[in-house]
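Remarks on the structure that follows.
Values in this text are rule-based calculations from the coordinates and carry no lab data. This one's a predicted model, so the numbers in the text were calculated from it and none came from an experiment. Reconstructed Cβ throughout: ideal geometry from the backbone, glycine too, with neighbour counts over all protein chains shown.
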Amino acid sequence: MDPDPRPPQVTFAVTKDLPRAEVLALYRAAGWFAQDDPAPQLDAMIANSFAVSAAFDPAGRLLGMARALSDGVSDAYILDVVVRPDHRRQGIGRRLVSALAEHLATFGIDWIVCIGVPGTESLYQSAGGEPMTGHTPFRFALKPGEVAP
Ligand SMILES: CC(C)(COP(=O)(O)OP(=O)(O)OC[C@H]1O[C@@H](n2cnc3c(N)ncnc32)[C@H](O)[C@@H]1OP(=O)(O)O)[C@@H](O)C(=O)NCCC(=O)NCCS
């Protein structure tokens with residue numbers, strides 16, 4: 001028997017047409033926004049993403065999402081993978097990532113990368129990803145106008 005079957009009664013779609021309040025609730029549940037933060041940047045985060053995959057219950061309620069930043073032809077980065085806390089460990093996260101990666105691949109994009117937090121290795125591997133060796137993630141936390149010496 002498949003140990004991680006597609007969860008029943010969950011539908012997946014690649015769409016940016018998502019209820020803002022439910023997106024915000026997901027981001028708050030992940031700890032990415034404080035409960036009292038109206039997060040005005042959230043709309044641009046979604047609108048400026050190349051693609052967003054989303055999971056819905058039969059009532060159309062948003063259960064989870066993942067988004068990708070991309071130039072649309074060669075490179076893409078998957079980020080902000082999140083599932084409602086009461087629907088985790090049902091394979092929804094894995095399906096969100098694999099659906100998004102498959103969508104990106106239809107554009108011929110062959111550099112599809114995700115920087116996962118510790119503990120998410122099996123999630124991304126089960127979605128078709130392979131750990132990268134020979135590459136090191138870097139973050140640039142420079143302030144505007146600040147130039148590295
Ligand atoms: C990370 C996150 C998206 C995973 O979502 P999810 O829907 O629970 O993911 P999946 O169910 O596809 O897989 C997660 C785990 O559940 C396991 N699992 C899946 N179906 C299961 C089931 N029916 N019974 C038991 N375990 C199951 C998977 O094997 C995996 O286990 P492991 O990671 O302990 O090895 C979710 O925990 C989340 O939203 N976290 C907060 C935001 C966050 O940290 N995102 C990651 C940023 S890199």
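For the stretch 100-149, give me each residue that is assigned to a helix (DSSP H, G or I) and not charged (D, E, K, R).
Scanning the stretch 100-149 gives L100, A101, H103, L104, A105, S122, L123, Y124, Q125, S126.
Is the stretch 17-30 home to any residue that is within 17 Å of the chain's Cα centre (by Cα), loosely packed, with under 15 Cβ neighbours inside 10 Å, touching a residue at least 12 places away in the same chain (Cβ under 8 Å) and in a loop (DSSP other than H, G, I, E, B)?
Taking every residue of the stretch 17-30 in turn, at least one turns out to be within 17 Å of the chain's Cα centre (by Cα), loosely packed, with under 15 Cβ neighbours inside 10 Å, touching a residue at least 12 places away in the same chain (Cβ under 8 Å) and in a loop (DSSP other than H, G, I, E, B).
Going by the structure shown, is A51 surrounded by 19 or more Cβ atoms within 10 Å (Cβ to Cβ), closer than 23 Å to T11 by Cα, of a type outside the set (K, R) and within 12 Å of the ligand (Cβ to nearest atom)?
no
Among the residues of the stretch 101-149, how many are away from the ligand (no atom under 16 Å from the Cβ), on the phi < 0 side of the Ramachandran plot and not charged (D, E, K, R)?
18
What pairs come out if I take residues in the stretch 82-98 that are within 17 Å of V23 (Cα to Cα) and pair them with residues that are crowded, with 23+ Cβ neighbours inside 10 Å and hydroxyl-bearing (S, T, Y) whose C-beta lies under 7 Å away, six or more apart or interchain?
Within 7 Å, the pairs are L96/S53.
Find all pairs meeting these conditions: Cβ atoms under 7 angstrom apart; at least six residues apart or on different chains; first residue within the stretch 102-123 and within 13 Å of D71 (Cα to Cα); second residue part of a loop (DSSP other than H, G, I, E, B) and away from the ligand (no atom under 15 Å from the Cβ).
Listed pairs, sorted by first residue: F107/G72; F107/V73; G108/V73; I109/V73; I109/S74; W111/S74.
Among the listed residues V82, V97, which satisfies the condition of being outside any strand (DSSP E or B), within 13 Å of the ligand (Cβ to nearest atom) and touching a helix residue (DSSP H, G or I) at 6+ places or on another chain (Cβ under 9 Å)?
Answer to the check: V97.
Check the stretch 54-68 and report whether any residue there is in a loop (DSSP other than H, G, I, E, B) and in contact with a Gly (Cβ under 8 Å, 6 or more places away or on another chain). Walk me through it before giving the result.
If we filter the stretch 54-68 for residues that are in a loop (DSSP other than H, G, I, E, B), which is where we start, we get 57-61.
Right, trim to in contact with a Gly (Cβ under 8 Å, 6 or more places away or on another chain) and you get none.
No, there is no match, as no residue in the stretch 54-68 is in a loop (DSSP other than H, G, I, E, B) and in contact with a Gly (Cβ under 8 Å, 6 or more places away or on another chain).
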